[in-house]
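A short write-up of the structure that comes next.
Each value in this text was obtained by applying a stated rule to the coordinates, not by laboratory testing. Worth saying up front: this structure is predicted, and the values here are computed from it rather than measured. Here the Cβ positions follow ideal geometry from the backbone for every residue, glycine too, while neighbour counts run over all protein chains shown.
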Amino acid sequence: MKFINTDGMAFIGPGSEWFWTALSGIVLAVTFLAIYRQLSLQRSAGAIEQLNRIEQEYQSERMLRVALELAQARQAGIDPTLLPQVAVVALVNFWERVATLARRGHIDLELLWEGGSGFYCQGDWVRLLPWIEQKRTEDENPLLAEHFEWLVGEITARARRLGVRLDDTARQAARLDQSIAALRGSIQVEEALRR
């Protein structure tokens, strides 16, 4: 009993059209798989580069000085609604840009979470929330920092699902002196690298 009839099968010449069609199909399938793999690798490399740029900007000397100014204001007992506006605006604008990109699907939330940026985002939200709420009321603009708030909501939901404890004002106050010392140290490193 024959399962495949090979009698009269041609690979070259008349009657070989089936072979060349099948071969073309296989070549196309392999090509499409290679293209898909290449695009996937490029997308991954792009996402990693994007995450690195976010972290580099957040850890830049400018942003370190902003964080230090805010921490020193808190240490001095300044009302959280009256924090230095230039510093607050720099930090809010940074997170608003990141959150807008994430909300539009240009930044992977999973990468933000796993890269640690989610914790920084949520901690900065806790730190800046009194100022943001005050400014929303003063300016009659409930949309101020709306994307930043959305991103914090996403991060908070993820943390709850995973059982991860996030930052709060008491924890921030307890480690304020450590944070200031760490920020000063990081700024000194940046200054040394610049020389």
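Structural remarks
- Cα-projected label distance for Ala181 with Leu193, points at 7 Å along beta-carbon direction, nm: 2.3 nm
- For the listed peptides 173-182, 55-64, a ranking on the average number of other beta carbons within 10 Å per residue, highest first, reads 55-64, 173-182.
- Relative to the longest principal axis of the Cα atoms of the chain, the long axis of helix 176-194 lies at roughly 60 degrees.
- Evaluated with a Cβ-only charge set (Lys, Arg +1; Asp, Glu -1), region 16-61 carries a dipole of roughly 220 debye about its Cα centre, given to the nearest 20.
- Between Ile35 and Gln172, the FRET efficiency estimated from the beta carbon spacing at R0 = 41 angstrom works out to 0.25.
- Residues Leu144, Leu162 arranged by fewest to most Cβ contacts within 10 Å: Leu162, Leu144
- Highest mean first, the peptides 120-129, 68-77 sorted by other C-beta atoms within 10 Å per residue fall in the order 120-129, 68-77.
- Relative to the current alpha-carbon distance between Glu55 and Val164, full extension at 0.36 nm per residue lengthens the span by 37.1 nm.
- For a modelled paramagnetic label at Asn93, 7 Å from Cα along Cα-to-Cβ, the residues of region 40-81 in reach, with backbone nitrogen under 14 Å, are 62-63, 66.
- Plainly put, region 61-195 has a radius of gyration that is 0.97 times its Kirkwood radius, both from alpha-carbon atoms, as the Rg/Rh ratio.
- Taking the chain and dividing mean pair separation by its residue count, relative contact order in percent (alpha carbons under 8 Å, at least six apart): 23 percent
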